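Asker: Quick one: the structure is below, questions incoming.
The values are calculated or read from the model by the stated rules, or taken from the named source; none is laboratory data. Values in this document were obtained by computation on a predicted structure and should not be read as measured data. All Cβ positions, even for glycine, are placed from backbone atoms using ideal geometry, and neighbour counts span all protein chains on display.
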Amino acid sequence: MFLYILLSLVAIVVIYAIVTYNSLVTVKHNVGKAWSNIDVLLKQRHDELPKLVETCKQYMQFEQETLEKVMQARAQVFQAREQQNMGALGSAESALRSGLGNLFALVENYPELKANENFKHLQGRISNLENAIADRREFYNESVNVNNVRIEQFPDVVIAHMFKFAPFKLLKFQSSETADTDVKKLFS
């Protein structure tokens with residue numbers, strides 16, 4: 001009788017370990033899938049930005065500094081994306097978004113550029129990509145959070161430690177991206 005109880009307990013522990021391991025694998029791969037979604041959108045934006053800058057160059061001869069900042073930030077995002085360095089990506093994304101904001105603000109001084117169909121198409125495409133990237137960043141951070149919580153919770157931590165499940169880093173943003181906007185400055 002004692003042997004049956006012991007074997008039953010061992011079977012329950014083994015089944016629990018298998019279910020927990022499989023669940024942790026799923027959570028880990030969800031983080032990878034979330035990163036892949038961001039990666040695809042970053043690549044698409046990376047491919048569109050030179051077209052936008054080239055279109056702007058045709059009209060904005062005196063705004064080279066702004067165009068160069070956008071392209072430098074684009075290169076930084078590409079490098080951080082390739083290295084999957086979340087800290088560097090957050091900083092590079094902030095710089096790129098700032099540069100694009102400045103570029104789109106300067107466009108107001110160039111009515112011919114604003115009216116250019118190619119520019120309008122690229123501006124809309126990049127704006128849509130920016131919104132999609134923001135959505136995917138939220139999904140990525142949620143996936144990372146689920147993974148990190150699971151591998152720290154008892155009793156999952158035992159299985160996670162045995163099989164060396166590691167935490168992932170959240171994609172964080174610079175304080176300038178999360179700070180309140182000074183609306184008065186925008187209109188002065």
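Asker: Among the listed residues VAL10, VAL14, VAL40, identify the single one that is in a helix (DSSP H, G or I), among the β-branched types (Val, Ile, Thr) and either in contact with a strand residue (DSSP E or B) (Cβ under 7 Å, 6 or more places away or on another chain) or under 30 Å from ARG74 (Cβ atoms) (or both).
Answerer: Matching residue, one of VAL10, VAL14, VAL40: VAL40.
Asker: If a residue has to be surrounded by fewer than 17 Cβ atoms within 10 Å (Cβ to Cβ) and either out of contact with any helix residue (DSSP H, G or I) (no Cβ under 9 Å at 6 or more places or on another chain) or assigned to a helix (DSSP H, G or I) (or both) to count, how many in the stretch 49-58 make the cut? Lay out the reasoning, then the answer.
Answerer: Keep residues of the stretch 49-58 that are surrounded by fewer than 17 Cβ atoms within 10 Å (Cβ to Cβ), which gives 50-51, 54, 57-58.
Going one step further and asking which of them are either out of contact with any helix residue (DSSP H, G or I) (no Cβ under 9 Å at 6 or more places or on another chain) or assigned to a helix (DSSP H, G or I) (or both), we end up with 50-51, 54, 57.
The qualifying residues number 4.
Asker: Working carefully through the options ARG81, ARG74, find the one that is under 18 Å from LEU170 (Cα atoms), of a type outside the set (Gly, Ala, Ser) and crowded, with 18+ Cβ neighbours inside 10 Å. Give the steps one after another, and end with the answer.
Answerer: Values: ARG74 fails: under 18 Å from LEU170 (Cα atoms).
Of the residues listed, the single one that is under 18 Å from LEU170 (Cα atoms), of a type outside the set (Gly, Ala, Ser) and crowded, with 18+ Cβ neighbours inside 10 Å is ARG81.
Asker: Identify the single condition in (1) closer than 23 Å to ARG137 by Cα; (2) over 26 Å from the mean Cα position of the chain (by Cα); (3) not charged (D, E, K, R) that ILE12 does not satisfy, given that it satisfies every other one.
Answerer: (1)
Asker: Okay, next question. Could you check the stretch 41-91 and list, in sequence order, the residues that are without any contact (Cβ under 8 Å) to a residue 24 or more places away in the chain, farther than 24 Å from PHE119 by Cβ and aliphatic (A, V, I, L, M)?
Answerer: ALA80, ALA88, listed by residue number.
Asker: Here is a further query. Which condition does VAL25 not pass, out of (1) over 30 Å from ALA73 (Cα atoms); (2) in contact (Cβ under 8 Å) with a residue 24 or more places away in the chain, if it passes all the others?
Answerer: It fails just one condition, (2).
Asker: Right, something else. Would you mention how many residues in the stretch 145-165 are in a helix (DSSP H, G or I), in contact (Cβ under 8 Å) with a residue 60 or more places away in the chain and closer than 14 Å to VAL19 by Cα? Write out each step before concluding.
Answerer: Step one: of the stretch 145-165, the residues in a helix (DSSP H, G or I) are 145-150, 156-162.
Next, only the ones that are in contact (Cβ under 8 Å) with a residue 60 or more places away in the chain stay: 146-147, 150, 156, 159-160.
Still in the list and also closer than 14 Å to VAL19 by Cα: 150, 156, 159-160.
Selection size over the stretch 145-165: 4.
Asker: Would you check which residues across the stretch 75-132 are more than 15 Å from the chain's Cα centre (by Cα) and not in a helix (DSSP H, G or I) and list them?
Answerer: TYR110, ASN116
Asker: What residue, among those in the stretch 130-166 that are charged (D, E, K, R) and touching a Leu at 6+ places or on another chain (Cβ under 7 Å), is nearest to SER94 (Cα to Cα)? Give the steps one after another, and end with the answer.
Answerer: Our first condition is that a residue be charged (D, E, K, R); within the stretch 130-166, this holds for 130, 135-138, 142, 150, 152, 156, 164.
Still in the list and also touching a Leu at 6+ places or on another chain (Cβ under 7 Å): 136-137, 150, 156.
Numbers: ARG136: 16, ARG137: 13, ARG150: 30, ASP156: 36 Å.
Top of the filtered list is ARG137.
Asker: From the set of residues in the stretch 59-74 that are in a helix (DSSP H, G or I) and among the polar types (S, T, N, Q), which is modelled with the highest pLDDT? Walk me through how you get there before you give the answer.
Answerer: Within the stretch 59-74, the subset in a helix (DSSP H, G or I) is 64-74.
This time we only want the ones that are among the polar types (S, T, N, Q), so: 64, 66, 72.
Details: GLN64: 78, THR66: 82, GLN72: 89.
Checked the stretch 59-74; the qualifying residue modelled with the highest pLDDT is GLN72.
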